[in-house]
Amino acid sequence: MRLFFLTIFFITHSINYSQDHTITGVVFDNKGVPLEYANIIAKPLQEKASLKFAIADNKGRFRLELDKEVKYEITVSYIGYTEEVFIVEPNYSIATHDFKLKSTGQVLKRLL
């Protein structure tokens with residue numbers, strides 16, 4: 001019985017390890033200021049793969065869990081800034097990637 005549980009544990013661990021890959025990084029502007037709560041969307045570029053997403057924390061940091069064998073188009077957006085796109089190839093070895101967004105120059109109006 002003990003051997004059975006050990007076998008299940010190792011199979012589950014190896015399946016999860018081989019299918020997922022994590023990319024971490026920071027989203028900031030051209031002055032180096034972190035963009036808190038920026039949106040990070042990873043759109044799969046092949047069928048039968050699911051959309052992945054993350055939201056940066058209050059220091060602009062994000063963590064994105066992706067399927068290892070899938071090609072993704074990662075788009076980072078923030079109001080008042082130009083989107084940045086990054087392509088991740090299948091079976092990539094990238095562990096970190098920072099995004100530097102450029103301001104559009106548009107200022108939002110206050111409603112007060």
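See the values below:
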read-out: Neighbours by Cβ (under 6 Å, 6+ apart or cross-chain): first from the range 94-112, under 16 Å from Val27 (Cα atoms); second charged (D, E, K, R); value: Phe99/Glu84; Leu101/Asp29; Leu101/Glu84
read-out: Any hit, the range 54-77, residues being open to solvent by 50 Å² or more (accessible area, probe 1.4 Å) and of a type in the set (Phe, Trp, Tyr); value: no
read-out: Condition check for Glu69: over 14 Å from His21 (Cα atoms) and outside any strand (DSSP E or B); value: no
read-out: Every residue from the range 87-112 that is among the basic types (Lys, Arg) and assigned to a loop (DSSP other than H, G, I, E, B); value: Lys102, Lys109, Arg110
read-out: Selection within the range 51-74 - of a type outside the set (D, E, K, R) and either closer than 14 Å to His97 by Cα or within 13 Å of the chain's Cα centre (by Cα) (or both); value: Leu51, Phe53, Ala54, Ile55, Ala56, Gly60, Phe62, Leu64, Leu66, Tyr72, Ile74
read-out: Residue that is most open to solvent (accessible area, probe 1.4 Å) [pool: residues in the range 33-52 that are closer than 15 Å to Glu84 by Cβ and of a type outside the set (A, V, I, L, M, F, W, C)]; value: Lys43
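The values are calculated or read from the model by the stated rules, or taken from the named source; none is laboratory data. These numbers were taken from a predicted model, which means no experiment stands behind them. Cβ sites come from the backbone with ideal geometry, for glycine too, and all protein chains shown count toward neighbours. In case anyone asks, the SASA skips ligands and DNA or RNA and just uses the protein heavy atoms, side chains included. Shrake-Rupley method; radii C 1.70, N 1.55, O 1.52, S 1.80 Å.
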